[in-house]
Amino acid sequence: MIAMIDYDAGNIKSVEKALTALGETVVITRDKDTLLRADKVILPGVGAFGDAMAKLRKYELEQVIHEIVDRQTPFMGICLGLQLLFEASEEAPEVSGLGILKGRITKIPENTALKVPQIGWNSLKFPNRGKLFEGIAEDSYVYFVHSYYLQAEDPKIVTATTEYVTHIHASVEKGNVYACQFHPEKSSDVGLKILKNFVSL
């Protein structure tokens, strides 16, 4: 069973639909026992960093997430879910993140040629080959929607990067924790392969 953490964030249904298309049993829940029993756990979401952390704390999910990670259950953050795994974000400087990974979430610089937020397809480079990208060619295209981006403290955890105004850490892996800034559930066959790689761990 794959559990997706329900904290009133957007985009959960599209991830559920993609996983169901892969033949997976998916539960959307904020129940602690269900989350701790799951074979894999996903933290999806679009929205604002501060609001999302407030919801995770309101539903008492912050400690549950740490417990899931500590138990070595494969855990995946998608889009905002990636950003929440880090310590803080420029979007809400006064709000602490989950702090599971180290790095900075900063605003994509304003640019006259490219619009912010980044909305659309962009290609990936693989500085460190990660498990999520097994069987996926470098320069494959995936779908992004974001105004803030990750600069991971440790370059060794960065498994995919992209260029949009600046150099963006697009995916990370550390131990049993995996995360993508882009939306695999909206990234056609490449995205489905990424999700399949995760559920096959």
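Rule-based calculations on the coordinates, nothing more; no lab input. Since this is a predicted model, take the numbers as computed values, not measurements. Note: ideal-geometry Cβ built from the backbone for every residue, glycine included; neighbour counts use all protein chains shown.
Summary table
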item: Computed E for E90/K131 - FRET, C-beta separation, R0 30 angstrom, nearest 0.05; result: 0.55
item: For region 133-201: rounded, prolate or oblate by the Cα gyration tensor [a/c cutoff 1.5]; result: oblate
item: ³J(HN,Hα), Karplus 6.51/-1.76/1.60, whole Hz, each residue of region 186-201, x for Gly, Pro; result: 10, 10, 6, 5, 4, x, 5, 5, 4, 5, 4, 4, 5, 5, 8, 4
item: Point-to-point label distance, L36-A54, nm (Cα→Cβ direction, 7 Å offset); result: 2.9
item: Residue list for region 68-97, given a label point 7 angstrom along the Cα-to-Cβ vector of T166 and an amide N cut-off under 16 Å; result: 83, 87-93
item: Value of [θ]222 nm, deg cm²/dmol, for the chain, DSSP H segments ≥ 4, -39500 (n - 2.57) each, nearest 500; result: -7000 deg cm²/dmol
item: Peptides ranked, highest mean first, by Cβ atoms within 10 Å: ranges 97-106, 141-150; result: 141-150, 97-106
item: Cα gyration tensor category, rounded, prolate or oblate, for region 67-201 with a/c compared to 1.5; result: oblate
item: Relative contact order [Cα under 8 Å, 6+ residues apart], the chain, whole percent; result: 19
item: Listed residues A170, A54, A160, most fluctuating in the chain (Gaussian network, C-alpha, under 10 Å); result: A54
item: Per-pair calculated FRET efficiency, R0 = 30 Å: S200 and W121 via Cβ, rounded to 0.05; result: 0.75
item: Net charge of Cβ neighbours under 12 Å - reference V116; Lys, Arg +1; Asp, Glu -1; result: +1
